[in-house]
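Computed from the coordinates by the stated procedures, all read-outs in this text should not be read as laboratory data. What you see is a predicted model, and the numbers here were worked out from it, not measured in a lab. Don't worry about glycine lacking a Cβ; one is built from the backbone with ideal geometry, like all the others, and counts go over all protein chains shown.
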Amino acid sequence: MAKANIRPLADRVLVKPLEAEEQTKGGIIIPDSAKEKPQEAEVVSLGTGKRDDDGKLIEFTVKPGDKVLISKYGGTEVKVEGESYLIMREDDILGIIG
């Protein structure tokens, strides 16, 4: 995957939504108009980090390359060179897959 030329700030994370399956397990092909918005994504890059009340940097739980579960309607969509990405706060990531 080509790395997007975007560096998120603070506790934000840049993720690449993973494509929804185009065919069900039973072999039914799903048209684009009926596909759900992806809920799985891959972490592309991390922001500069968030600081606690004492000014200490809080480490990210996720890292680039992690496959994560995201909220259906979370994040802000951005397009870079025709590719769609989401920028979201790490708190909006629901979990790490695998």
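Anything in the stretch 58-97 that is outside any strand (DSSP E or B), farther than 16 Å from Gln39 by Cβ and among the β-branched types (Val, Ile, Thr)? List them, or say none.
So in the stretch 58-97, the residues outside any strand (DSSP E or B) come out as 59-66, 71-75, 81-82, 90-92, 97.
Now restrict to residues that are farther than 16 Å from Gln39 by Cβ: 59-61, 63-65, 81-82, 90-91.
Result: Thr61, single match.
Can you pull out the residues in the stretch 39-93 that are among the hydroxyl-bearing types (Ser, Thr, Tyr), more than 14 Å from Leu18 (Cα to Cα) and loosely packed, with under 14 Cβ neighbours inside 10 Å? I'd like the intermediate steps shown before the answer.
Residues of the stretch 39-93 that are among the hydroxyl-bearing types (Ser, Thr, Tyr), as a first pass: 45, 48, 61, 71, 73, 76, 84-85.
Of the ones still in play, those that are also more than 14 Å from Leu18 (Cα to Cα) are 45, 48, 61, 73, 76.
Passing the criteria: Thr48, Thr61, Tyr73, Thr76.
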